[in-house]
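Below you'll find the structure, written out as structure tokens, and then a few comments.
The values are calculated or read from the model by the stated rules, or taken from the named source; none is laboratory data. It should be emphasised that the depicted structure is a prediction, and the values quoted were computed from it without experimental measurement. Here the Cβ is made from the backbone with ideal geometry for all residues, glycine too, and neighbour counts use every protein chain on show. Each accessible area value is taken on the protein alone, full model and side chains, heavy atoms only, with ligands, DNA and RNA left out. Shrake-Rupley method; radii C 1.70, N 1.55, O 1.52, S 1.80 Å.
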Amino acid sequence: MFYSTGRPVRTSVPGIRHPLFRSAESFGTAGDDRLDPGRSPSRCGKMAGGGDGVRERPGSGPGTGAKSGAVGKRYDPDRLFLPPDDDLAPNRPGETLRARLDASPSGRGTLLLARLLGRRPVEDRWRRALAAEQLVGAALDALAPGGWEVVHSVLLPGDAVVPHLLIGPGGVFSVLVEPTRRAPARVDGALIRVAGERHPRPTVRHARQSAARASLALTRGCGFPVPVGPVVVLVGAADVDVTDAPEDVRVLMEHQVPGLGALGGALHPDRVDRVHTVARDRRLWLRC
């Protein structure tokens, strides 16, 4: 009710309780754990370690590397402190090759003259490699709805580059892209032989080396073992014979890349987030 002055007066009506003035007992835990004066305090919940007290939130135990926000969404606090200049997440497929082409002093006329003279400018090889990495990178990015993350163009000391680092439920993979001519290719141990080429390509060996370096860096950064599987994608080959391919290296054609999304059972989503956060830090790769 109101006085003539217009000031509100709070009144209490028997049997009616305003929601803003609930009693203390209504703020207990939900469900069967709500506090009850007639219930023993020892039944109010136990911690994961067996002692009495507040229950531990699911997924917030040691070793997960992630926390839960106010709305229950998982996040890794290390991402909040990653400087933008050191974050590799914005990298596009072929970012390193783009930088090389932009820094090349050769103009269009110089390249045209070199081609007319029968020479093969290195810029042409970079452009073919860039187109191949863009093709494979787009296929890998399309795996995101399945819980996969990709870091493109990871630069290692010594001018070595991991074109794509794939992280997801099936594990972690270092994806090396190799553009080839439109001809049959054959995997011969650590070498790849393309029909019509005089010398074999040591692509399988390079893929192993990149995967080993990536595994070492990620294991040190994450604090738990992170095996990395080497993958070679041959772009442009008419056919690939993998009869003699080593068991530890996957050799694929470009149309087989989406099949990597069917792999699973290797990493928990929390581990995927943690490895992805560590892999995004450019400073990590400077020490591998």
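Some observations on this one:
- Scanning segment 202-217 for residues that are more than 12 Å from Phe173 (Cα to Cα) and among the hydrophobic types (A, V, I, L, M, F, W, C) returns Val204, Leu216, Ala217.
- Answer from His268, His255 - the residue that is under 28 Å from Arg283 (Cβ atoms), open to solvent by 20 Å² or more (accessible area, probe 1.4 Å) and free of Cβ contacts under 8 Å to residues at least 40 places away in the same chain: His268
- Top-ranked residue in segment 122-166 [being closer than 18 Å to Leu97 by Cα and of a type in the set (Gly, Ala, Ser); ranked as most open to solvent (accessible area, probe 1.4 Å)]: Gly158
- Taking segment 271-288 as the range and being out of contact with any helix residue (DSSP H, G or I) (no Cβ under 7 Å at 6 or more places or on another chain) and buried (at least 18 other Cβ atoms within 10 Å of the Cβ) as the test, the residues that pass are Arg271, Val272, Asp273, His276, Arg280.
- All conditions in (1) among the small types (Gly, Ala, Ser); (2) modelled with pLDDT of 95 or more; (3) out of contact with any Gly (no Cβ under 8 Å at 6 or more places or on another chain); (4) open to solvent by 10 Å² or more (accessible area, probe 1.4 Å) hold for Gly229, with the sole exception of (3).
- Test result for Val249, closer than 29 Å to Gly147 by Cα and touching a Pro at 6+ places or on another chain (Cβ under 6 Å): yes
- Of the residues contained in segment 173-191, none is found to be without any contact (Cβ under 8 Å) to a residue 24 or more places away in the chain and closer than 27 Å to Pro90 by Cβ.
- Boolean, Gly259 is within 27 Å of the chain's Cα centre (by Cα), at pLDDT 95 or above, in a strand (DSSP E or B) and not polar (S, T, N, Q): no
- Test result for Asp241, assigned to a loop (DSSP other than H, G, I, E, B) and in contact with a strand residue (DSSP E or B) (Cβ under 8 Å, 6 or more places away or on another chain): no
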